[in-house]
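Peer 1: Here it is, the structure in full.
The values are calculated or read from the model by the stated rules, or taken from the named source; none is laboratory data. Computed from a predicted structure; not experimentally measured. Here Cβ is always computed from backbone atoms with ideal geometry, including for glycine, and neighbour counts include all displayed protein chains.
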Amino acid sequence: MESLRVKIFGEEYALLVDNKALTQSAAKRVQELMRSFKNEAPELSSHKYSVLAAIHLAEQNVELENRLASLLSEIERLSNLIESTTEIHN
């Protein structure tokens, strides 16, 4: 684990991370999302921007998990098809 300091929306956070580049990229994405939400609704608190960013990122994560599950299912189906086709021709 490495220590890393990131600044998001004016707040500095001291973190222990496995991958500095990944965490910096994630922090940058959170910062960009919060700025985007602030541009759309400047009257909200920074806490609400952070919750909106968390929900947005969680939705993306769920979509990617669903897509991954679907792709793994398709890979298994195709693998079984190849196996059965190979058995027929042998």
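Peer 1: Go through E59, E83, E76, E65 for me and flag whichever is within 30 Å of G10 (Cα to Cα) and part of a helix (DSSP H, G or I).
Peer 2: The match here is E59.
Peer 1: Also, I was wondering about something else. Determine, yes or no, whether L52 is surrounded by 11 or more Cβ atoms within 10 Å (Cβ to Cβ), out of contact with any Gly (no Cβ under 9 Å at 6 or more places or on another chain) and assigned to a strand (DSSP E or B).
Peer 2: Here the answer is no, as L52 does not meet what is asked.
Peer 1: Identify the residue in region 37-56 that is within 24 Å of L15 (Cα to Cα) and small (G, A, S) and, among all such residues, is farthest from the chain's Cα centre (by Cα).
Peer 2: Taking the candidates together, the pick is S45.
Peer 1: Filtering region 1-42 down to residues that are in a helix (DSSP H, G or I) and among the small types (G, A, S), which residue is farthest from I55 (Cα to Cα)?
Peer 2: Of everything passing the filter in region 1-42, A21 is farthest from I55 (Cα to Cα).
Peer 1: Within 21 Å of H56 (Cα to Cα), surrounded by 10 or more Cβ atoms within 10 Å (Cβ to Cβ) and at pLDDT 95 or above: is that true of L44 in this structure?
Peer 2: Criteria met by L44.
Peer 1: Answer yes or no: is there a residue in region 18-28 that is without any contact (Cβ under 8 Å) to a residue 40 or more places away in the chain, surrounded by fewer than 10 Cβ atoms within 10 Å (Cβ to Cβ), touching an Asp or Glu at 6+ places or on another chain (Cβ under 9 Å) and within 29 Å of M1 (Cα to Cα).
Peer 2: yes
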